[in-house]
Amino acid sequence: MRTSRRSRLVLRTLALGYLFVLLAVPVGAILWRTFERGIPAFLASISTPAAISALNLSLLIVAVVVPVNVVFGVVIAHALVRGRFRGRGLLQAVVDLPFAISPIVVGVSLILLWGAHGWFGALDRAGLKVIFGLPGMVLATIFVTLPFVVREVEPVLHEVGTDQEQAAATLGATRGQTFWRITLPSIRWGLTYGVVLTVARALGEFGAVIMVSSGFPGVSQTLTLLVHSRYIDDHNTYGAYGAATLLMGLALVTLLFMTVLDRKRTSR
């Protein structure tokens, strides 16, 4: 059924209005509250030792999480697409598990496993502190970002098929050579999208991280935890807006990077 021009205009207006209320108004309010005192005040709020430490810790977690998820994400995606084994459906469900459960539950589960009285509590008693430290925050972030690389690479592997890989094997290429010269170049765009989404989620993760972090400034406080601490604990509303704007800026850089990659992929 064909819709009239007026109906299309109404639908577009409703869609744009919905996006404006849902996204533009809150973001605009944060930016206005952040810069109402001027740029120098904003720079001062994000250049404190606590803010710099939080930024460095967030970037460190990203630097650890992304390579781990790339390696295991590609391996899992390859196994799901190319492999035929028992438990394949269970593995599919496990990959989607972070989408289905609350990040708070993830944090509680990690405490039950790695806490001082958990299943692996002997490590904590031996001096290897996982919970309320960097290792626990990394584990929590890895769990919640696991699906992105897998779900971006998996359809690309389906699309490219196995013809080129079989041809390479026929010509005498080893599995390693086939992967590096055939498989990896063919999935590079899907892998790149997965990496960008992983970075964005890792920077903004809050629920799982706050459960396994001590929250001490300069020790185990990420940017998201800094926003929470300034707003709730310190009643430093302006400082919270400044940290949130910094986090928003990192997200926009990630989004712009993804847009550039999409245009580059389309042009090719």
| field | Computed lengthening from residue 100 to residue 166, 0.36 nm per intervening residue step minus Cα-Cα distance | value | 20.1 nm
| query | Once fully extended, how much extra length lies between residue 214 and residue 119, figured as 0.36 nm per residue of separation less the alpha-carbon to alpha-carbon distance? | reply | 32.2 nm
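What does the charge count near residue 212 come to, summing +1 for each Lys or Arg and -1 for each Asp or Glu among other residues with Cβ under 15 Å from its Cβ?
Residues near residue 212 contribute -1 overall.
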| Can you give the charge dipole size of region 90-247 about its Cα centre, rounded to the nearest 20 debye, using +1 on the beta carbon of Lys and Arg and -1 on the beta carbon of Asp and Glu? | 300
| query | Taking neighbour counts of Cβ atoms within 10 Å as a proxy for exposure, in what order, fewest first, do 4, 47 appear? | reply | 4, 47
| task | Rank the residues 65, 25 as a footprinting-exposure proxy: fewest other Cβ atoms within 10 Å of their Cβ go first. | result | 25, 65
| query | About its Cα centre, what dipole magnitude does the chain give when the only charges are +1 on Lys and Arg Cβ and -1 on Asp and Glu Cβ, stated in debye to the nearest 20? | reply | 980
| request: Using the number of other C-beta atoms within 10 angstrom as an exposure proxy, rank 189, 32 with the fewest first. | output: 32, 189
| field | Positive-end residue, the chain charge dipole about Cα centroid, Cβ charges, pick of 11, 114, 254 | value | 11
| What nm value, rounded to one decimal, do you get for the distance between residue 234 and residue 16 when each label is placed 7 Å out toward the C-beta? | 4.0
| Mean-position separation - Cα centroids, region 193-220 and region 140-163, in angstrom | 21
| message | Which residue fluctuates most in the GNM of the chain (Cα springs below 10 Å): 211, 137, 258? | response | 258
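None of the figures in this text is laboratory data; all of them are computed from the coordinates on show. Here the structure is a predicted model, which is why all the values come from computation and not from measurement. Positions of Cβ are generated from backbone atoms using ideal geometry, with glycine treated the same way; all protein chains shown enter the neighbour counts.
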